[in-house]
Structure formats: structure tokens, C-alpha cells
1. Where residues in segment 502-523 are modelled with pLDDT under 85 and assigned to a loop (DSSP other than H, G, I, E, B), which of them is nearest to E446 (Cα to Cα)?
2. Does G481 count as under 37 Å from the mean Cα position of the chain (by Cα) and over 22 Å from L373 (Cα atoms)?
3. Which one is nearest to R312 (Cα to Cα), of the residues in segment 408-442 that are assigned to a loop (DSSP other than H, G, I, E, B) and at pLDDT below 85?
4. Hey, any hits in segment 81-94 for a residue that's within 52 Å of the chain's Cα centre (by Cα), within 23 Å of Q151 (Cβ to Cβ) and surrounded by 17 or more Cβ atoms within 10 Å (Cβ to Cβ)?
5. Counting just the residues of segment 480-496 that are within 10 Å of T420 (Cα to Cα) and touching a Lys or Arg at 6+ places or on another chain (Cβ under 7 Å), which one comes out surrounded by the most Cβ atoms within 10 Å (Cβ to Cβ)?
6. Mind listing just one residue for me: the one in segment 395-448 that is more than 20 Å from K487 (Cβ to Cβ) and among the aromatic types (F, W, Y) and, of those, surrounded by the most Cβ atoms within 10 Å (Cβ to Cβ)?
7. Check off (1) in contact with a strand residue (DSSP E or B) (Cβ under 6 Å, 6 or more places away or on another chain); (2) under 19 Å from L33 (Cβ atoms) for L104 and give me the number that stays unchecked.
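The values are calculated or read from the model by the stated rules, or taken from the named source; none is laboratory data. Keep in mind it's a predicted model, so treat the numbers as computed, not measured. Positions of Cβ are backbone-derived with ideal geometry, glycine not excepted, and every protein chain shown enters the neighbour counts.
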Amino acid sequence: MVKQISALNEYFQRVVSCKDSEGAVKIGFALILEKLAVDAVAIFSLAEEPGWLTLLFAEGLFSKESVRQQPIQVGEGLNGTVVKTGKPLFAYAGQPEFKLERALQAEKIYAAVIMPLISCNMIIGTLAVVSRSQRIFTKQELFVLETLAAQLSLAVENVSLSDEQKMMREKLRMAENQYREIFEKTSDIIWLEDLEGNIISGNRAFLNMVGGELSQLSEKNIFSWIPQNNLSKAKTVRKQLWAGLPKEWSYDQTMINSLGQEIILKVTTNLLQIGGTQGFQHIAKDITEERKMQENLEYYIRHITRAQEEERLRISRELHDSTAQSLIVIMHQLEKFLLSSKHLIVSDSRFLYGMVEQVKEILQEVRQFSRDLRPSILDDLGLIPSVEWYIEELNRTHGINISLSALGDKIFLRPEVRVTLFRIVQEALRNVIRHAEVSEAQVQIEYSTESIKISVSDKGKGFDCKPIGDLLRAGKLGLAGMNERAKLLCGQIQIESALGQGTTIKILIPMADLLELKEQETS
């Protein structure tokens, strides 16, 4: 027994100076092979896949790789039985329980001791000690093996943890490499900065945008590329994120590169940990060309709309000043002829009187058409009186009850603003007449120092409301036109509708640059 205790003491002393778990296993194997005079020793570990044992360490096996490649099912052979029962097994050739696993049948084993490896009251594998000659293990030897098995259980568990850590480190390294590759090769512009705006890192797209070399980035501050009139917004975004609301922020940001070129970015900014300290991550897309195209399109639409209104005004004046006047002259000539001609027979007189009435009706239609093209009241009195007149016309001609409420101090707007807002209300009410199938509707116009709010609502049949961007594809050309007109005034339109629940169209126009004079509209 003294010899066995000495062997255990030797093991513990050597393990103290061991730097890793694999080393502790090798020391244990060396002691078992030397002190117990056996031929081979192996440790089998329960695999991640339940129900199977795989070879983890071995010394003295003839075909180690073959055994490693043949997992042992729990319940199979000596090792599988020990895992299933949780009890040590001492077996010798010739005994009924001496049933070697298929993986060990080529090893010519005549005696074996299998000890369970237990950690936290759970079996994590087995320690197999085998001899290729006939022999019997003494109680002292079994005591040594049981003690070593308890110690080796810790080593095996540490090896498994170490393997997991290595795997996690490898996965982390691969993830970092993948992120770095994406970071460098993505067309999106990405940069990191500290809380003061000093650049920590940036990808190739960022360098291409601002100009310069990677080594120079640490000497730069992001605010040196942001124009003075944009600094306030950039700093506000960072303050909001630092305050904790919201978690990320998407906004437009103008920057000036080293060549003095203006670049417009769509930026998403996040607050995150960078190298143990907090900082900002920015992911941006260059929308300079997109914004220029949008501005060009808006410029084109603005001029097309202005040209249309000018053409409407010209035709309206032509109808009023020329066509209508010519019809009046014809009507007066016919009336004068009727009054001065005594020799006309009754049928001719009736025919001419009918002609006069037809000319009057045509004149009325021309005047109505002229007003529809461009109400003169819009230029003379302003938006509210024009909308009131238009509502009265709709109520009279279509038998519908449309109410108007005007809130706030009425302000005289610039001519193109008056026309644009009138066209929006006009189109909204046309949609009520054509599609809503109702007998009443409401219009509200609200003035404030910040904006003009207009709403047109009805309780008609409604429709399946789609996003503003899908209006054209859905065939809602009138609504799309209203949206474009609102955008010309830097405003926005909101459409609320559902089948059977009516429709409400809300238009919000910021007041900036809409005023013509400080005087109020007259009612």
C-alpha cells in the first residue's frame, strides 16, 4: 500500500508544476503504465452527440486512430457498460462480462479495469487500463486507479472546456476576419469615432470619400469635414444617443472632402463599446447623385406645374376676354336683329330666340370653364374665399353638402402657394364626388405660425390604402399628384382610409417662405 500511496504523491507533486490539463493526463498515464505494469491506458469521453463514447487520450494502443474513428455506443462492451451503470468494472479473459467493444477487439486484451470519470455527479467518460497478459489487479492497484480517475475527471473536463474555448476563440477569430473583410470591402461608408469626434477607424470607402491615408485618420476629427451649418444637427444626434434615446439614429449629413466637394450621406449612427470605451459607429450611404437627381426632378416638376398653371391662366383669360366677349357680341346682334325685324315670320322668330338661348348657355359654360381653369378670385382674394367659392359650386351642381372651417389668423400667401394648395383641395374634393358615394364632406384649413394644415374627410366607402410610394402603381394618379404638389412646398401628405370607413387626407405645409405679405386675407 505504501508503494501505491507513494505513486499517488508523486503524481500530485508532478501535476502541481504542470501547466495544462493535457499534461496532467500524460503524467497520470505515465504513472499507470510504470507503477501498475500495464500495456495500455485510454480515456474515452462522452461525445456532444448523446449515447456515444469517443477516444480522447491513449497510450500503448496498437491502432489508436482506428479506435478513435469508431465511437462506442453507451451500453456496448466494457466502456459502454460502465457509462450505463456508473460503476467500475474489472474483467478478465474468459469471464462472461469480458465483452470487448468492436473498436478494441484487435488489441489482444486479456485483462481490463474500466473506471467511470465523474464530474459534478455526472459521468463524462471512462478510464480504461488494459493488459495483454493474464493478470489480476490488486485492491491497492484498484484504489490507485480510482483515485487517479477522480483526478483525471477534472483534467478531462478542463480539456473539454479548453477545447470549447479554443473553438470559441477560433470562431471569434473567423468572425473578426469576416467582419474585417466586410468592413473593408463593403461599398457602405463606415467609420468609428470617440465621444469627442476623433476618428478611431474607417474602411476603404470612408478613406475614398474624405481622401487621405489610413495612418492619418487618428489625427482627424469628424467635425472638420462637416460644414458649419450642419454641425448643430450632427452634435444633436450624438447627444441624443449619449442620453440613451433612441438606440440608433438615421439622418442626412453633408460633408466636405479634402477636395472641397460636397457629399450628402444617409447616415445611421449607433452608440457602442470600442476598445473598452464608448464611442460612435456610423454606417453611411453616399446619396449625393440620388439627391441631385431628386432635386432636378423636383425642379422639373415645379417648372412643369408652373407652366401648366400659366397655360391654364392664359386659356382662362382667352376664354374670358375673347371667346366670351365674342359670344356676347353674337348674342346682342341676334337680339338686336329680332327687335328691329318686323317682317320675320313666327317660326323664324322662335328659331332665332332659341339661338339666343343657346348662345347664353354656351356663354355660361365658357365662363364656368374659365373659372374652373383658374378662378380669378384666387388671385384677387386668396385661398379661403377661393375654396369657399369652389365648395358652393360643388354643392350647387352635385347636390352635396360640403362644409368648410378655417382656423387661425388667415394669411395672404405667395401666388404659387395659393394655387398649389387650392389644386390639392380641388383634387381631394373631386375624389369625394367621384368615388366616396356620400352626401356630405368636411374641409378644414388651419393656420399657425409654424405651418398650414389642411384636411379633407368623408365617411364614404373608402379604399384599401397603400403607401404613398405605391400610389402611381396602384393607379391613384390624383392622390399621387396631390403628394407631388405638397412636396413642392416642402410639405407632406397623409392618407387614412379603409374599406367602408371613409377617407381622410391630411396635408401639412411648413410656413417658412410661404408668405407674400404680413397682411391678413380678407374673407
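1. Per the stated criteria, the residue is M511.
2. Working: under 37 Å from the mean Cα position of the chain (by Cα): yes; over 22 Å from L373 (Cα atoms): no.
The answer is no for G481.
3. If we filter segment 408-442 for residues that are assigned to a loop (DSSP other than H, G, I, E, B), which is where we start, we get 408-410, 414, 437-439.
Still in the running and at pLDDT below 85: 409-410, 414.
Details: D409: 30, K410: 26, R414: 18 Å.
Out of the qualifying residues, it is R414.
4. Of all residues in segment 81-94, those within 52 Å of the chain's Cα centre (by Cα) come to 83-84.
When the remaining residues are screened for being within 23 Å of Q151 (Cβ to Cβ), the result is 83.
If we keep only those that are surrounded by 17 or more Cβ atoms within 10 Å (Cβ to Cβ) as well, we get 83.
Yes, the conditions are met somewhere in segment 81-94.
5. R485
6. Among residues in segment 395-448 that are more than 20 Å from K487 (Cβ to Cβ) and among the aromatic types (F, W, Y), the one surrounded by the most Cβ atoms within 10 Å (Cβ to Cβ) is Y447.
7. (1)
Conditions (1) closer than 29 Å to K461 by Cβ; (2) hydrophobic (A, V, I, L, M, F, W, C), marked per residue:
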position	(1), (2)
S340	no, no
I345	no, yes
K360	no, no
L381	no, yes
R396	yes, no
R414	no, no
Q426	yes, no
A436	yes, yes
